[in-house]
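Working notes, beginning with the structure itself.
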Amino acid sequence: MRVGIAGAGSIAFGTAALLEKLGHKATLWSPSGTGTLALTEGESLTAEGAVEGVFDPAVAESAADLVSGADAIVIALPAYGHRFVLDAIAPYLAAGQLVIFSSHTSFGALYLSSLLAARGITVPIVAWGTTIVSGRKLGPALVQVNTIRKQVDLATVPASESARGYAVCTALFGEHFVDRGNLLAIALSNLNPQNHLGIALGNMSRMERGESWVQAQNVTPNIGRLLETLDRERLAIAEKLDLKVRDIFQHFHLSFHVPVSTISQMNQEMHQAGHCGTGPATADSRYVTEDVPFGLVVTAQLARLAGCPAVLHESGIRIFSAMYGRDFEGENDILPELGLERLDLEGLDALCRSGFPPVAANCPQRRRIEPREASE
């Protein structure tokens with residue numbers, strides 16, 4: 001199959017390498033043009049670790065070029081670049097194509113649904129609870145793939161296209177997927193925001209000083225207990241909403257193939273096995289700048305809707321806003337466009353299952369704010 005990948009960071013490169021390894025044809029698009037410059041100049045993409053090989057994915061020059069001829073389009077860049085990319089690709093998407101969010105945050109699938117509805121069309125949108133690979137981009141054309149996840153939760157909007165969404169993902173990547181049936185479940189399935197909250201808080205001075213440090217090794221018992229408590233808050237929200245999501249222990253077990261224990265001990269096992277990677281060497285890290293406004297803020301909003309307080313998540317938003325001197329809740333540029341604050345839980349559930357209905361050609365389109373520049 002032909003797959004267009006929006007993004008040029010570690011996940012985009014790792015996903016492209018995996019697709020090529022599995023016999024598909026990947027095309028990468030760097031919204032800024034800089035992330036694929038080495039590939040454009042003739043270098044091959046080299047992957048090390050869980051995916052080994054040298055590959056030659058195509059490079060798209062524009063959003064239109066990325067979408068043209070693709071069977072599926074994968075969104076594989078930080079959430080603060082999602083709106084820019086979705087605004088760019090939406091005019092070119094057509095019936096028969098499919099869009100995959102790797103991974104889904106901040107109801108981006110609903111935002112894309114609203115853009116397509118304004119055009120009067122529906123395209124299946126698949127939301128993953130996490131990425132199929134994890135890793136680090138080590139150079140302009142070099143990616144270290146740390147792991148291929150055993151299991152990835154997904155849901156498709158509209159839910160009537162669930163069978164197709166699951167089938168395409170399986171055809172592309174193999175038997176890794178569990179269909180959770182509802183975008184609401186995926187909204188609470190991404191564990192990065194809660195996990196990165198604890199890890200970044202516990203290691204902020206290392207990040208600010210640009211130190212080189214091993215992440216799993218530094219998930220100490222105290223940090224591990226914080227992650228476990230954050231997870232209990234998330235699971236309580238899911239239970240209140242009658243949603244089934246995996247817990248943090250299943251996440252580390254299935255993603256990094258270590259036996260179930262305390263979260264700190266599981267991370268030490270990961271460290272011993274070499275499945276750990278380095279922590280951020282800058283405070284300007286997606287662990288905060290992406291995961292707070294586009295992850296923690298969403299969890300906190302769902303908690304309020306469910307009447308299930310998420311005290312630690314709310315506190316994390318405020319603590320990081322104070323540390324950085326920024327209003328991270330106000331930096332989310334997707335949620336305000338969806339009008340979710342006007343919905344009750346029943347209305348939100350219906351929207352997550354069906355998406356926005358296509359509008360007639362003579363109806364006024366939804367207002368859209370101007371996109372800001374994307375990051376890879």
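For the subset of region 336-359 comprising residues that are outside any loop (DSSP other than H, G, I, E, B) and of a type in the set (Asp, Glu), which member is farthest from Ser106 (Cα to Cα)?
Glu346
Got a number for residues in region 194-209 being in a helix (DSSP H, G or I), crowded, with 17+ Cβ neighbours inside 10 Å and not aliphatic (A, V, I, L, M)?
Within region 194-209, residues that are in a helix (DSSP H, G or I), crowded, with 17+ Cβ neighbours inside 10 Å and not aliphatic (A, V, I, L, M) number 6.
Glu314 versus (1) open to solvent by less than 10 Å² (accessible area, probe 1.4 Å); (2) at pLDDT 95 or above: which is the lone unmet condition?
Glu314 satisfies all of (1) open to solvent by less than 10 Å² (accessible area, probe 1.4 Å); (2) at pLDDT 95 or above except (1).
Give region 116-140 a look and list any residue that's under 30 Å from Glu41 (Cα atoms) and touching a strand residue (DSSP E or B) at 6+ places or on another chain (Cβ under 7 Å), or say none.
If the condition is that a residue be under 30 Å from Glu41 (Cα atoms) and touching a strand residue (DSSP E or B) at 6+ places or on another chain (Cβ under 7 Å), then Ile132, Val133, Ser134, Gly135, Arg136, Lys137, Leu138 are the ones that fit.
Mind checking whether some residue in region 167-182 is part of a helix (DSSP H, G or I) and of a type in the set (S, T, N, Q)?
Within region 167-182 (the criterion being part of a helix (DSSP H, G or I) and of a type in the set (S, T, N, Q)), the answer is yes, since at least one residue qualifies.
Residues Thr262, Thr282, Thr289: which one is closer than 20 Å to Gly108 by Cα, touching a residue at least 40 places away in the same chain (Cβ under 8 Å) and not acidic (Asp, Glu)?
Values: Thr262 fails: closer than 20 Å to Gly108 by Cα; Thr282 fails: closer than 20 Å to Gly108 by Cα.
It is Thr289.
Each row is one residue, and each column tells you yes or no for (1) surrounded by 24 or more Cβ atoms within 10 Å (Cβ to Cβ); (2) closer than 21 Å to Ile121 by Cβ.
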site: Ala17; (1), (2): yes, no
site: Gly23; (1), (2): no, no
site: Ala38; (1), (2): no, no
site: Thr46; (1), (2): no, no
site: Gly69; (1), (2): no, yes
site: Ile73; (1), (2): yes, yes
site: Ala94; (1), (2): no, yes
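Restricting to region 48-67, and then to whatever is open to solvent by 20 Å² or more (accessible area, probe 1.4 Å) and among the β-branched types (Val, Ile, Thr), can you tell me which residue is farthest from Met1 (Cα to Cα)?
Within region 48-67, the match that is farthest from Met1 (Cα to Cα) is Val54.
Please enumerate the residues belonging to region 165-185 that are open to solvent by 30 Å² or more (accessible area, probe 1.4 Å) and among the β-branched types (Val, Ile, Thr).
Once the filter is applied, which keeps residues that are open to solvent by 30 Å² or more (accessible area, probe 1.4 Å) and among the β-branched types (Val, Ile, Thr), region 165-185 yields only Val178.
For region 317-339, which positions are farther than 21 Å from Tyr287 by Cβ and either of a type in the set (Asp, Glu) or crowded, with 16+ Cβ neighbours inside 10 Å (or both)? Full working, then the answer.
Restricting attention to region 317-339, the residues satisfying the condition of being farther than 21 Å from Tyr287 by Cβ are 336-339.
Matches in region 317-339: Glu337, Leu338.
Quick grid of which residues meet (1) touching a Ser or Thr at 6+ places or on another chain (Cβ under 6 Å); (2) part of a helix (DSSP H, G or I); (3) open to solvent by 40 Å² or more (accessible area, probe 1.4 Å):
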site	(1), (2), (3)
Glu211	no, no, yes
Asn222	no, yes, yes
Phe249	no, yes, yes
Phe252	no, yes, no
Pro259	no, no, yes
Asn267	no, yes, no
His271	no, yes, yes
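Would you check which residues across region 186-214 are free of Cβ contacts under 8 Å to residues at least 24 places away in the same chain and among the basic types (Lys, Arg) and list them?
Within region 186-214, just Arg209 meets the criteria.
Only one of (1) in a helix (DSSP H, G or I); (2) open to solvent by less than 40 Å² (accessible area, probe 1.4 Å); (3) more than 25 Å from Trp128 (Cβ to Cβ) is not met by Ala283, so which one is it?
With (1) in a helix (DSSP H, G or I); (2) open to solvent by less than 40 Å² (accessible area, probe 1.4 Å); (3) more than 25 Å from Trp128 (Cβ to Cβ) applied to Ala283, the lone miss is (1).
The values are calculated or read from the model by the stated rules, or taken from the named source; none is laboratory data. In this text, all values refer to a predicted model and were calculated from it rather than measured experimentally. Note that we place each Cβ from the backbone using ideal geometry, even for glycine, and neighbour counts take in every protein chain shown. The protein model used for the area step is the full one, side chains on, heavy atoms only, and it has no ligands, DNA or RNA in it. Shrake-Rupley method; radii C 1.70, N 1.55, O 1.52, S 1.80 Å.
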